[in-house]
Structures are given as structure tokens and as C-alpha cells.
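Each remark here refers to the structure printed beneath this line.
The values are calculated or read from the model by the stated rules, or taken from the named source; none is laboratory data. Fair warning: this is a prediction, and the values are worked out from it, not measured in the lab. Neighbour counts are summed over all protein chains in view; Cβ atoms, including those assigned to glycine, are modelled from backbone coordinates with ideal geometry. Only protein heavy atoms, including side chains, enter the accessible area calculation; ligands, DNA and RNA are left aside. Shrake-Rupley method; radii C 1.70, N 1.55, O 1.52, S 1.80 Å.
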Amino acid sequence: MIWLLFKSCSRNKKSKTIKSDENYMKVNNSKEIIKELLPKLDVFNDLEACNDNIFVIDKHFAYLSMFDPYNEFKESTPEIVAVAEKEDIENDSAITNEISNLEGRIEDSVVINNRFSRVTEKHLKTLQCPFTWNFEPEVWKKNIVNRIEKKYGKYNMNISSVRFSFEKYISNLIISCGLFKTNKVDRAHDKLIDIWEWLDKLDDKNEPTYLAIRDGLKHIVMSTLCYILFTVNRAQCQQLFEMITRFNTLDSKSRAAVNALHAAICLEIGGKSLHNVVQYAKTACELDPDTVQWHYYLSIAMTAQRQYLNSNISCPTEDEFDSIQQAVILSNEPNPYFNFHRMHLMTNKILYHFYHDNNKSKSNENENAFEKIKKDFLSIIELINDIIRMEPEDPHLVVKCAKSLMTLPYLTQDDIYLIKQIISIAVNMAFHDFTVIRAIQKNIAIFRELVHTYIEMNKNKSHLKDTIIENRVKDKEDDLLENDLIPIIEKYEKGTNPVLDLIDLLEKYDGNCRSKIMAQICSYSILFKESSNLLAGVEQFMILINEKTIANSDIVTKHMSIFIKDQSKVFNLAELVCNEIKLAITLGRIENQYQTELYLDQLTKIMDVCQLKPKKINPTFKFEIIGCNGKENQNNVSKQTDVIHQQNDLQDNKQIVLKNSTKQRRLKYTPNNHHTRIPKSKQRRRHHRYD
């Protein structure tokens, strides 16, 4: 009776022809695809350079995401997907007119079937299907159909073969719901009929796993179709609703199947639906603890919920491991899906602990930890090998194994070879399936991106290591220099000239330490020697700034003389030298014109190299540094200040005279620069008064 109703629900399908496409034909040659893809993995030389370090980054955890490991909602589809999209467009064109008139037909059907309006939305909510599970409306607007097709591929969506798999059931059911929510009602309806026909054929196959949960699976399909018919045909909706076995009257295994599939579809929908996904999976395990698939879903549900509520950078719980281990133990034969998820959890745990310890600066510094994680990775690789030896029939699962290898932070040349072997297996299994080729392309892009990141991080770490070593050497040299300067300071305090001792010390050091000694010699010559010794100090400074890196370093800009007791006296050595040169020129301390020109040239060069701005002469600069408590120093400062003021007054007088003379010259010339004679004024005629 139910099958007759389903047949009456079917529509006459128009024959649809699929035109051959050149791009599609290109992917029908596995050898060409392998030849194109595998060379992109030849980056071992780059990896080998980084294998002294292991880098675990945020991206590793992003690629472990259960819900969206490829960022499907954000990234655009590769070019090869255009082939399938073109095929969809051609299929859609045959029913374009039918869909465009959908609203009118719905209104007509509602009017015609008013007498069958006993079924209400309230009644529909008592059914169990994706439409009654209160998913967010935005979920269906994110092109979920396209995403599911890319994820599962042709193998996992092919319900023409009479073989049951949860992947086939879930993917086709979600696509049907997605089509309905995007107003492709006829295609959604036809997809459900196809699912029912597939389940009907499975009834005769005597497959124990399927037969035990058949009523739960059919309850969901019938409820989904009833929801669709409520929109387009109330009469058939009423008939179907009366035939559906109510959820509460189903046996425990069927109710467990409904709860488990509710959890499985929540995993595909993602978002807020992950809040309750664990509860649905737990209920399924409680109702039917003997079905191994429910323990598998429970483990995946806990993983997805952890990643959603916390973040991808989190550690798997013991419950996640216990549930998947329970599924592996209860399974009568090795299941590649179960083993893959167990390997996935172990990889997550290893990476998390290494990442967590590395952030505390422990892991890479500890050789034992480095060797331990390499052994852990060998265990993961062996688990992946075990899965491949099971010869899984799902090409997408084989591609996932390759991805799990590619995203390990430490790989050898043998591992690269194994990746190539696994990819070749996947291509030979499904070279005609663009979704498989697309997944391989994305994984290779991820792999190359990670390798590039490793290279950059390795360079940065090597540079940082070199810098640390250099700083340690510098600190050690600074300590040695400080110890060597102490006796020189002590001799100076007893009245000994320290310059010779400092010059002897130059032979012992190089680099920055040598420059520091040169700076001390220069500042001592200027600060503590007679003004006649200025030339020697300037020449020493010119030698010091031959290296431009020193000219603007702290050795010059934040100089501190070791012969001044007040260590707070920090000054710019270049400014001191320039000030003393200008002061010597102003005070007339230069012996001859040649020396004046030499000083001016050096002054220009110092200001340019040390990037100094012009400043007024400060006659007290030197005494401010060394202190001027003595009367002699105060007298010197006073005399120099008076001379500077006199020079400034003389300069001001010269400027005034110069301006006046310029003004007089301007009066003697016309605007066109022709010289004219100034007319003589007429003599005033004198009038004599005669009495």
C-alpha cells in the first residue's frame, strides 16, 4: 500500500541529455591526472631543511575540523567544479518553466485540496525528519546541496547500487531537503522517491544491519515526503500521514536509528545544531547499545561539539576515545571509518600537547620531547598504512588518509613517497569523479602552504637563534671589557693619563667593544685635555664614525664617559664634537686658515653622517657634562660666554651695516638697472633786503 502511494507521488520525468564536455573528458584519464598532480609534492628538499625543527601552528588544528576542514563556505570552487555546475544547469533547463510556475500551482492545489486539510503544521511537527528538527533557516541558504555533493562524491551518493551505507542515506536525504528549501520542489520530491526505491530494494537483500533499523530509516523518509506534499498536494499528504508509524510506537532499535541520524545530520549542518548533537547520539546508544555505528557517531559528535564550543585548538577527551574504541571492539570486521577517526583523535592529541608545551618554550628545547613526537608521528603513519591495507571502497576516505599524512609537521622522503602512492590509489578508484580530484588538489595546496610556512618559520627561528648567540657573545665581551676598564679608571683617579692604556686595549677587542674604547678615547681628549688637543679628538671621532652603523648607535648618541663619576651624564658625542669645533672657530683658537677649512669640512661631514640638526653654540656644554664646581672652570665659562656675546654683537652690527649699504645702493639705481645721474638740487636764491 505504501509503495503504491509512493508510485502515485512520482512525476513523469523528462528525459535529460548530458552533453559531453572537453574538460570532463580530460579527467577520464587517471595517468594524466597523476602525472599532473604528483610533481607538486616534490618539495622534500625544502622540508629536509626544516626537519631539525617541528612547527605546530593554528592551521594544523583548522585542518582537523570535523565540520569544515576545507573552509567550504568561504572558498570558491576550483575550475574543475565548473564541469559539474554546467551539467546541473543543463539538467535544470528542462524544468525551468515548471519551477517558474510553482507558486501558481501551489495556490491551485491548496484550493482544490481544502477538503483534505485535516493535516496541519502542528501534526507535521510530531514527525521526525530534518524539517521538524528546528535547524536554523540560514542553514539552507548556504548552498548546502553543493557542499554535500563535493564532500561525499559520486561513490557515497550512488543509490543505484543495492548496497546500504549510512553515507548514501544521509547525503541523499540532506540534498533532498536542500533542494526543497531552495524552491526546487520537484527535484526534492524525485530524490526522496529515489531513496525510497533504494530502500525498497534493500528489503530483499537481507542485510542484517539495514533490516534492524529499517523502520527508523523509512520513518524519516516518509516524514520528509509528507512535509513536502503538505506544500504541493494535501490529499496525498493526508494519506501518507495516516500511514506513517508514530515515532513513540517504533521499537527501540528504530527509535535509536532516528536519534542517531538526527545527530549525523546535525554534524553536517553544523552551527547551533551542535549544541545538542551529543545528546541525540547518547540516546541512540542507550536505546540500542549493540549497533556499533551509534558509538562511532557519538565519538564524532563529541569531537565536533568540543571544536564548536571551545575551538579547534583543543584536546580530545577520554570519552571521545572510549566511544570510538567501543565501536572498534564491537565491530565484527575492521571498519576503515572507525579506524580513521581513532587515528584522527590521536593526531589531534599529539599535536595539541606539543603545541601547548611549545608555547611554554619547552618542547623544541627538549631533545627528548623532539624524539618522542617523531616516534608518535611514526605511530600515526602506521595507523594510516593499516587503513589503506583495509582497501576502503570510499575514494574520499583514501584522500583523507593522504591529507592526514600531508598535514603532519614532520615528514621524511619515505612519507612523501607514501603520500604519492595513496593519491594514486584514490585517482585510480575515482578518476571520473571531479569531487575526488578537487579534494586532492585542495590537499596538495594545503600541503604546499604548510611547507612554505615551515620554511619561513625555520628562517625566523635560525635568525633568532643567531641573534641570541650574538647577544650572548656580546654580553660576555662587554663583561670582559668592563673588567679591563676598571684598573684604567683607578689609575686615572690617581693622576695617570688613561689614553695610552685605552690604546693598548684596542688590540684585544674588535667590533662594538673596540668602538666603545675609541669613543672613550675621543670623549676624554675633548673633555679633559687642553683645547689645543681638539684636533686629535676630532680625528679620533672621524675614525669612529667611518662605520655608519656606529655613527647613529647608542655608542655615540647615548655616550657616557667612564671618567665622570656621575653616571647619569649621558650625551650625544657627535653634538659635543660639533659644538667644540664651532666654539674653537668662534673663539679664534685655530692656528691657520688651512686648519679652519679642515675643521669646517669635518663639521659638515659629522652633521651629515650623524644626522644632526644645526644648533647654536653652547659655551657651557663641556662643563655641564664634567661639572664646573671649581672657580677656574667658572671663570673659563664666563670668559667664553663674553667672547661669544661679543662675536654675536659684532655679527649683528655687520648685518645692520650691510642692510643700510644695500638700501643706499638700491636708491642709486632705477628699476631697469640703468645708471642715472642724481640731479643736483637748485641753489636756494637769497634775497637781500635793503633798507
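Points worth noting:
- The separation of segment 590-621 from segment 519-563, counted between C-alpha centres, amounts to 14 Å.
- A 1.4 Å probe run over segment 550-608, with the rest of the protein chains in place, finds 50 Å² accessible per residue.
- With all protein chains in place and a 1.4 Å probe, the accessible surface of segment 258-341 carries 47 percent carbon and sulfur.
- Using a probe radius of 1.4 angstrom, the carbon and sulfur fraction of the accessible surface of segment 521-577 is 49%.
- Pairs with C-alpha atoms separated by more than 23 Å, drawn from the list LYS476/LYS508; LYS420/LYS461; LYS494/LYS582; LYS154/LYS282; LYS122/LYS142, are LYS420/LYS461; LYS494/LYS582; LYS154/LYS282; LYS122/LYS142.
- Inter-site label distance for LYS565 and GLN421 at 7 Å from Cα along Cβ, in nm: 8.1
- Protection proxy ranking, peptides 226-233, 446-453, average beta carbon neighbours within 10 Å, highest first: 226-233, 446-453
- Label-reachable residues, segment 280-316, where backbone N falls under 18 Å from a point 7 Å from LYS272's Cα toward its Cβ: 280, 305, 308-310
- Computed E for LYS558/LYS59 - FRET, C-beta separation, R0 41 angstrom, nearest 0.05: 0.45
- Sites ILE455 and MET542, calculated FRET efficiency, Cβ-Cβ separation with R0 56 Å, nearest 0.05: 0.80
- Nearest-0.05 FRET efficiency for PHE370 and THR231, computed from C-beta distance (R0 60 Å): 0.45
- When the pairs LYS516/LYS613; LYS141/LYS272; LYS516/LYS569 are compared against a 18 Å limit on Cα-Cα distance, LYS516/LYS613 fall above it.
- Solvent exposure of segment 209-363, expressed per residue, is 39 Å² of accessible area, with all protein chains present and a 1.4 angstrom probe.
- Most to least accessible of ASP601, ASP288 (protein chains only, probe 1.4 Å): ASP601, ASP288
- Relative packing of peptides 454-461, 266-273, 217-224, 494-501 - highest average C-beta neighbours within 10 Å first: 217-224, 266-273, 454-461, 494-501
- Those residues of segment 500-523 whose amide nitrogen sits under 17 Å from the label point placed on ASP479, 7 Å along Cα→Cβ: 513
- Residue-span extension gain [PHE621 to LYS201] - 0.36 nm each, minus C-alpha spacing: 140.9 nm
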